[in-house]
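I have placed the structure first, in the form of structure tokens, so that the comments after it can refer back to it.
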Amino acid sequence: MALTLHSPTSFLSGVDSGKPHKAADADFPPISVALGSTRAGGRVRAMVISAAAVAPVEPRTAERFHRNGGPGSGPRGPGCDRRVPVYVMLPLDTVGMCGGLARARALGASMMALRSAGVEGVMVDVWWGVVERAGPGRYDWEAYGELVRMAERHGLKLQMVMSFHQCGGNVGDSCNIPLPPWVIEEMNQNPDIMYTDRSGRRNPEYISLGCDTLPVLRGRSPIQVYSDYMQSFRDKFKDYLGNVIDEIQVGMGPCGELRYPSYPESNGIWKFPGIGEFQCYDKQYMMASLKAAAAAAGHEEWGRSGPHDTGHYKQFPEETGFFRQEGTWNTEYGKFFLEWYSNKLLEHGDDILAAAEGIFRGSGAKLSGKVAGIHWHFKTRSHAAELTAGYYNTRHHDGYLPIARMLAKRGAVMNFTCMEMRDEQQPGHANCSPELLVRQVKEAAKAASAELAGENALERYDEAAYSQVLATSRADEGIGLSAFTYLRMNKKLFEGENWRHFVAFVKGMTEGGRRVSLPRSDSGHSDLYVGSVIGDRKNKDKFVAAL
């Protein structure tokens, strides 16, 4: 088959994502994309068929495997070979700052290619900074409505992320989408609603959890604002929830993850594999909470300030008094502080998910929450990078079981990253162990009866990464993955060898992760192969897409 496309731009070209989509310019002739398995005699054959011959893709009516099981639905058990549905993250700027759907024609063609490869659906960020940009309670869902209808036409499900964070300043951020302007105004007037480190540096990525229940946003609390946003979303998309919109992922921190912004990359503040810094030094909210907790514990002196010997963002554990092998983290004071810091994060997540649970109950869409895969310094006793992010996980204390229990209580899927990583691929000086970290998280999810889904942390197109995900997805530890979301859809994904690897990976996941080695070729015509783009030479490089 071949798909005929009209577009004046490359798939991920530098287009102003803030501008609404406009029809393609007639000056750009159609591009025919070769489809199907096209290798023959070591060369690539291109089959060209008129676009009129391509039948529309009907929405699937087959049984949904990644569905709302609710509380107690339980993990995948040993020996279970249920398929693992694969979703693909859309570009961060799919909906731009001005509320327009970017590159709509290319997006539709790409959705068709993903559907033909066996992909279950796509994930998209529903940016707070875009939807509520005009003012409190003034919501613009138009572009997301267009996207939902597009996904429905192509038979794809949607994972929609309630993104209450800023885009820009972290790993993989390719665009800048700040919080709503009226929220930034409140931050400027009251800087303590921003996360604050020991030196007084403010972080505007996400509103500090210290003021979750206080009316700091023009008479509403952050939890109320998030709730109103989600209620408006439900009202707008009620007819699509549970069928097209398969999952609502609730953002709970920077990058949408349940964590503190302890390792910001913007302006070179942090660099891998630095330990990061605690984010609790604003005076009105976090420090006031610490003071009250210290008084309740009978140690008022512990509430005068946060730890003073924790070093700075780029340091290593042994360079600090707090995180070194026998450091302050393992003293009575250290344990008190880490319990308080991590419990504040757990309470934050529980409050938001409780609101989401009430709003989306009965909708048919499942809830999920994302947890960061902080694998560096995992082999040390203190696990410093995890501690500053709010995960009280050390040699002597399990930081992921409480998170898994909180998510399970709210019937939410635990979505965890770094599923593609192997220990042998990490730099030795960073004391990384993504494999041991994933194993610990799987054990925590199993113990809490929480459903577990996964993502890759970094863009990867190689067989080793896919094979690692396939192996991780299996229920070897008594729990496998209920779904996997691939990061991310872009031009590279659709290039020849990359696409072949991806399609083989999706097929392996549909087989329950049993096939951990990808095929070396598609000579047996079992895997979909992306053919060459043909047509006008000027446009040959504009799209690399397939069905």
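The values are calculated or read from the model by the stated rules, or taken from the named source; none is laboratory data. All values reported here derive from a predicted model rather than from experimental measurement. So basically every Cβ, Gly included, is an ideal-geometry build from the backbone, and we count neighbours across all protein chains shown. Side chains included, ligands, DNA and RNA excluded: accessible areas come from the protein's heavy atoms. Shrake-Rupley method; radii C 1.70, N 1.55, O 1.52, S 1.80 Å.
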Which of rounded, prolate, oblate describes the range 123-259, given a ≥ b ≥ c as roots of the alpha-carbon gyration tensor eigenvalues and a/c under 1.5 marking rounded, otherwise prolate only if a/b is larger than b/c?
-> prolate
For the range 175-239, the Debye formula with one identical point scatterer on each Cα and no solvent gives log10 I(q)/I(0) at q = 0.16, 0.18, 0.25 Å⁻¹ as -0.59, -0.72, -1.12
Identify all aspartates and glutamates with a Cα-Cα distance to Lys314 below 16 Å; exclude those on the same chain that are fewer than 8 residues away in sequence.
-> Asp197, Glu265, Glu277, Glu386
Rank these by accessible area, largest first, 1.4 Å probe: Cys255, Cys432.
-> Cys255, Cys432
Solvent accessible area, Å² - Ser174, 1.4 Å probe, full protein context | 90 Å²
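First compute the accessible area of the range 230-283 with a 1.4 Å probe, then give the percent of it belonging to carbon and sulfur atoms.
Taking all protein chains in place, the range 230-283 shows 44 percent carbon and sulfur surface.
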Name the residues of the range 362-397 whose amide N is less than 19 Å from a point 7 angstrom out from the Cα of Lys335 along the C-beta direction?
-> 381-384, 387-388, 391-397
Return the long-range amide H neighbours of Lys157 (sequence gap of 5 or more, or a different chain), with a cut-off of under 5 Å between placed amide H atoms.
-> Gly121, Val122
What is the mean projected area of the alpha carbon convex hull for the range 417-508, to one decimal in square nanometres?
-> 6.2 nm²
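Here are some pairs, Lys271/Lys507; Lys446/Lys507; Lys283/Lys409; which of them have Cα atoms lying more than 29 Å apart in this structure? Mind dumping the intermediate values first?
Values: Lys271/Lys507 37 Å; Lys446/Lys507 26 Å; Lys283/Lys409 32 Å.
Table pairs above 29 Å Cα-Cα are Lys271/Lys507; Lys283/Lys409.
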For the range 239-303, run through the trypsin sites (Lys or Arg not before Pro) and keep only the ones in DSSP coil with at most 15 other Cβ atoms within 10 Å of their Cβ.
-> Lys271, Lys283
Aspartates and glutamates whose Cα lies under 15 Å from that of Lys442, excluding same-chain neighbours fewer than 8 positions away = Asp398, Glu420, Glu451, Glu455, Asp476, Glu477
Tell me, in nm to one decimal, what length is gained between His396 and Glu424 on full extension, where the rule is 0.36 nm per residue of separation less the Cα-Cα distance?
-> 7.6 nm
Given the Cα atoms of the range 193-298, and with Rh set as the inverse mean 1/r over their pairs in the Kirkwood sense, what is Rg to Rh to two decimals?
-> 1.07
